Amino acid sequence: MSGNVLLNYMPGLKNLLSYEKSWLKQDIKAGLSVAAVALPVAIAYAELAGVGAIVGLYSCVLPMIAYALFGSSRQLIVGPDATTCAVIAAVVVPLSAGNPELHWQLTIVMTLMMGGWCLLASKFRLGALADLLSHPILTGLLNGVAVTIIVGQLGKVFGIQLNEEQVIEKIIALPGRISEGHLLTFGISVLTLVILMAIKTFRRHWPAPLVAIVITTALVWATSAQQYGIATIGGVGFQSGLPVVHWGSFQPALMRDLVIPALNLALVSFVSLMLTARSFAAKNGYDINADAEFRALGLANLMSGLSQGFAISGADSRTAVNDSSGGKSQLVSVVAAVIIGIVVLFFTQPLQYIPVSALGIVLIYASWSLIDLRGLWSLRRRNKHAFRLACFTFVCVLIIGVIQGIGLAVLLGLLQFLRTVFRPSEHLLGTDEHGMIHSLGNTTDIKMIPGVLMYRFNSPLTYFNVAYFKRRVLNLVDGAARQPKWVVIDAVACFTHQDISVLATINELKRDLKSRQITLILAGRKTELTRWFKESRPTMKDDDMILVPDLYLAIRLIHSTESMNEGEQGDVELT
């Protein structure tokens with residue numbers, strides 16, 4: 001029994017226990033390919049996060065093993081990600097004030113906090129938060145982050161200093177400082193870009209970043225190019241061996257400034273991970289457990305923090321490499337983690353010769369794939385509200401920064417949602433020649449039933465929109481060419497939960513309609529509505545308001561009542 005509970009918490013381990021031997025060859029091949037891509041990218045993202053190159057490798061080994069055991073995706077690879085690194089840098093750089101040790105400490109603390117938030121969200125089954133960042137917000141966010149990263153690396157590419165904090169200021173300052181650039185540094189950048197583009201054109205299955213970094217590093221080592229002014233990661237704080245962060249000088253009060261940014265980072269990382277995991281799960285024919293993914297992301301980040309690494313997320317490029325290489329299970333992550341671990345233990349010395357400008361080009365190359373301005377513009381044709389939200393997010397990220405941009409974009413998205421709930425769309429209903437109910441205006445064949453106003457309110461009724469609902473019904477009644485005798489409300493669409501304010505307002509609407517000699521009928525959810533109204537108004541009379549199971553029965557009731565009334569009127573006239 002306890003074993004089954006454990007396996008439910010560890011879907012990755014459950015998959016590995018039912019491992020098929022025929023997968024082993026493909027998983028080892030995929031693991032080698034993933035490691036080949038992950039090594040240079042992790043080092044480059046460490047530079048982006050503002051920590052030592054070795055820290056990027058720390059952020060791969062234990063987190064990849066943790067996800068392999070706790071994740072529900074068979075293809076997803078976790079690791080350093082452009083968005084998470086950009087967010088970390090945006091938060092930590094101002095707080096560390098140029099102190100490298102403090103910068104590393106804050107990065108670790110923020111990573112541990114992020115892992116804690118993810119575990120808490122998993123505990124409360126908040127996997128649905130994956131839908132909080134809508135597609136337009138993510139489109140704008142990824143484009144904004146990509147541009148931010150590219151602009152931030154241009155100084156390294158040209159060998160100049162761009163000390164401005166914001167993207168716009170850096171773009172403005174760049175033209176005036178290009179003349180100060182270092183020619184050999186720029187030459188290394190061009191060589192790196194040529195190698196990447198050549199491999200992409202002629203050898204698409206090769207690990208282009210790894211090949212480019214190996215070639216440029218060998219060139220720098222062979223020519224002793226450092227003495228000619230070419231910056232390498234060995235010259236910007238690289239430590240060989242296994243450096244350890246020291247906590248004696250850390251001030252716990254600084255943790256307050258990381259709580260909300262860590263929450264934002266957890267949300268962004270989880271949404272990014274879920275998008276990647278879901279797409280590859282759909283391609284390979286299995287399902288993803290959102291709550292398990294939250295837990296796996298949290299544990300992976302806790303492992304990263306405990307191993308002195310930084311925040312990680314789902315890595316779409318490495319996941320794509322895994323899938324294209326035929327990876328079948330989470331064993332791919334274990335194989336890649338072991339290879340990276342071997343590099344960390346035995347091959348750190350050559351890393352100090354990696355040129356900083358080459359890493360800048362690798363980051364620009366990786367970030368370029370995040371830019372989708374065509375997709376952003378296509379939203380304009382499909383949904384103008386979504387286009388505006390995406391553009392707002394994009395501009396906010398560029399102008400005020402990643403964290404603030406994300407916060408404002410989520411706030412605007414929520415406000416748009418609230419606006420939809422506050423003032424939803426509505427329809428008047430009628431019937432066609434066959435008696436089928438449709439919205440008026442779709443075709444000329446749909447007609448209103450004489451004396452009946454059928455109304456659909458396309459949002460759940462709650463305390464903050466029920467007054468608007470009441471006004472709309474009364475306005476439609478009073479504005480009709482001929483006052484109806486019946487008002488039929490489609491209760492299925494708007495009565496979704498018991499709300500005292502809603503029930504009280506419906507009683508007011510019933511009273512106002514009764515004063516106009518109009519009968520109110522609620523069609524749908526008869527059982528729930530009967531119970532709700534009896535609990536709120538035990539003395540309510542049955543003839544005050546009519547409850548029926550659906551719209552068609554409401555129409556039959558009206559026709560039956562009208563026929564009976566006409567018959568009674570005819571009997572009176574005969575007498």
For the table Lys25/Lys328; Lys170/Lys384; Lys485/Lys514; Lys510/Lys534, the rows whose alpha-carbon distance is greater than 20 Å are Lys170/Lys384
Full extension from Lys14 to Leu345: what is 0.36 nm times the residue separation minus their Cα-Cα distance, to one decimal in nm? 116.2 nm
Based on the Cβ-Cβ distance of Tyr552 and Val259, what FRET efficiency does E = 1/(1 + (r/R0)^6) give at R0 = 51 Å, to the nearest 0.05? 0.40
Give the peptides 430-440, 139-149, 74-84, 363-373 in descending order of average Cβ contacts within 10 Å, highest first. 74-84, 139-149, 363-373, 430-440
Interchain or long-range residues, amide H under 5 Å from Val78's placed H: Ala315
Quick check: residue separation of Ser324 and Ser439 times 0.36 nm, minus the Cα distance between them. What number comes out in nm? 36.6 nm
Among Thr420, Phe347, Ser333 - extreme Cα towards positive end, dipole of region 295-436, charges at beta-carbon: Thr420
So if we plug the beta-carbon distance of Glu508 and Leu95 into 1/(1 + (r/R0)^6) with R0 = 56 Å, what FRET efficiency do we get, rounded to 0.05? 0.55
Counting sequence-distant residues (5 or more places) and residues on other chains, those with an amide H built under 5 Å from that of Phe310 are Ser59
Could you work out how far the C-alpha centroid of region 160-191 sits from that of region 380-402, in angstrom? 27
Show me the ranking of peptides 412-418, 377-383 by mean Cβ neighbours inside 10 Å, starting with the highest. 412-418, 377-383
So how tilted is helix 82-96 from the main axis of the chain? Cα-based, degrees 0 to 90, rounded to 10. 70
Helix 259-284: angle to the longest alpha-carbon principal axis of the chain, degrees 0 to 90, nearest 10? 80
Using amide H atoms built 1.01 Å from N in the peptide plane, name the residues 5+ places from Gly159, or on other chains, whose amide H lies under 5 Å from its own. His182
With charges set only on the Cβ (+1 for Lys and Arg, -1 for Asp and Glu), what does the dipole of the chain come to about its Cα centre, in debye to the nearest 20? 660
Vicinal HN-Hα couplings computed from phi for region 287-304 (Karplus, 6.51 cos²θ - 1.76 cosθ + 1.60; Hz; Gly/Pro x): 9, 10, 9, 4, 5, 5, 5, 4, 5, 5, 5, x, 5, 4, 6, 5, 5, 5
In this structure, the FRET efficiency calculated for Ser425 and Ile371 from their beta-carbon separation, with R0 = 45 Å, to the nearest 0.05, is 0.85
What's the ranking of 295-305, 486-496 by average number of surrounding C-beta atoms within 10 Å, highest first? 295-305, 486-496
Once fully extended, how much extra length lies between Thr527 and Val338, figured as 0.36 nm per residue of separation less the alpha-carbon to alpha-carbon distance? 62.1 nm
Karplus-derived 3J(HN,Hα) from phi for region 44-57 (6.51 cos²θ - 1.76 cosθ + 1.60, θ = phi - 60°), whole Hz, x at Gly and Pro, runs 5, 6, 5, 4, 5, 6, x, 10, x, 4, 5, 5, x, 6
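Every read-out reported here was derived from the displayed coordinates using simple, explicitly stated rules and does not represent laboratory data. Just so you know, these numbers come straight off a predicted model, no measurement behind them. Cβ: placed from backbone, ideal geometry, glycine included. Neighbour counts: every protein chain shown.
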